[in-house]
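Readers should treat all values here as calculations from the given coordinates under stated rules, not as data from a laboratory. A quick note: this is a predicted structure, and the numbers were derived from the prediction, not measured. Backbone-built Cβ (ideal geometry, glycine too); neighbour counts: all protein chains shown.
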Amino acid sequence: MQLDSTFISIALLNKEVDCARLAELQDTLNKHFAYYEILLINPIFTHSSLAENSITPPPPIQGLLENYPNLRILEVRSSAGTAFDCEIFLQNCIGDYLLFADLQTQSIKDCLEILKFAPTHDIVIGTRLDKKQNFFEKIFSRAFYISLRIFGDFTKCKHNYSDFCVLNRKVIHSLLSTQTQIKLLRLVQFDEAFSKYEYPFTPLAKSPNKSFLQNLNLGIDYITQHSFKLLRIGTILCLLMAFFNFCYGIFVSISFLLKPYIEGGWTSSSLYAVSVNFVIFLMLCILGEYLRVMLLSMRKERLYEVIDEKSNLELYIAEKNVETQK
């Protein structure tokens, strides 16, 4: 059987890597691809042959790179933990296509099947048929994605998307040049000019759980980094409060003129408080809009997308702009 000459990069997202599963993955890749690489970031190797209740750590792997060819282990020191693993894989892969996979939740068969769609599509993203969540987790998951759509520009994301996906070199270059702080591929807003295919699959196991605070911090980070809707909402609220104080100042002035029996000092203290609040909220509104303009100018992402072009342009150039001397 002739092997595929395409260079495939496999980025394993799981930290605990079972050596038996890794060997099975390599045997499968050897049967289908002539060139491939497997990338790992600070992995912890385990052995499935050990008993589950054994407290003995897995034996050290001697000559790891000799026993497992086409393996690249990246040692990364980061204060953010595993938050930027996806971006590190994008920057260090050298293949024509990059597959993100987790051997604990995706089968090797699904890895091969999703790679079949890579030559015909720019992006192949796995959609989970079953997220293996209980009732409350499903509610919080839906609420999380609804909040992202309301307060952020995440209209293209779906709740059943996963980080199990394949990207070609064109998409990788686009992400690295236009996106910053890529933490979850399922929330990346890809350019609509790229062709995308949704590959349905059933996860082998449940994804590693994150705490409520971790999910909350992740949602706030994505909303504040990729959208300025909250900043615009804040400036609108400041403008409304400034208008309310202005109207209340008019009410205080009219009350002073029309009502002779008013406690002494109420008018002056009220007008002072109203004036201060009006100036504060108005300045906050102005500073918020200037800050939004500054952040927009600093973003690497394009503010527009050219998704199609139709033209009947015909050029007939009779006169050349370069003449050669004989």
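Around the amide H of Ser107, modelled in the peptide plane, lie the amide H atoms of Leu204, all under 5 Å away and 5 or more residues distant in sequence or on another chain. Applying 1/(1 + (r/R0)^6) with r as the Cβ-Cβ distance of Ile254 and Gln179 and R0 = 56 angstrom yields a FRET efficiency of 0.55. Rounded to the nearest Hz, the phi-derived 3J(HN,Hα) couplings of segment 24-37 under the Karplus curve 6.51 cos²θ - 1.76 cosθ + 1.60 (θ = phi - 60°) are 5, 4, 5, 4, 5, 5, 5, 7, 10, 10, 7, 10, 7, 9, where x marks glycine and proline.
Sorted on the mean count of surrounding Cβ atoms within 10 Å across their residues, most packed first, peptides 237-246, 138-147 read 237-246, 138-147. Backbone amide hydrogens, once placed in the peptide plane, bring Leu71 within less than 5 Å of Ile38, excluding anything fewer than 5 places away on its chain.
Provide the gained length on full extension for the span Leu218 to Ile139, in nm with one decimal, where the gain is 0.36 nm per separating residue minus the Cα-Cα distance.
Values: separation 79, 0.36 × 79 = 28.44 nm, distance 1.73 nm.
Computed gain between Leu218 and Ile139 is 26.7 nm.
Work out how much length Ser297 to Thr46 would gain on full extension: take 0.36 nm times their residue separation and subtract the Cα-Cα distance, in nm to one decimal. Don't skip to the answer; put the middle values down first.
Working: separation 251, 0.36 × 251 = 90.36 nm, distance 4.71 nm.
Result: 85.6 nm gained on full extension.
Take 89-100, 121-132 and order them by the average number of nearby Cβ atoms within 10 Å per residue, most first; the result is 89-100, 121-132.
Using all pairs of distinct alpha-carbon atoms, the Kirkwood hydrodynamic radius of segment 110-194 works out to 14.3 angstrom. Treating r as the C-beta distance of Ile146 and Glu75 and R0 as 51 Å, the FRET efficiency rounds to 0.85.
Do any of Lys156/Lys183; Lys31/Lys206; Lys170/Lys206; Lys158/Lys206; Lys131/Lys156 go past 21 Å between their Cα atoms, and which? Walk me through the numbers on the way to the answer.
On the way: Lys156/Lys183 17 Å; Lys31/Lys206 29 Å; Lys170/Lys206 31 Å; Lys158/Lys206 18 Å; Lys131/Lys156 19 Å.
Where the Cα-Cα span goes over 21 Å, the pairs concerned are Lys31/Lys206; Lys170/Lys206.
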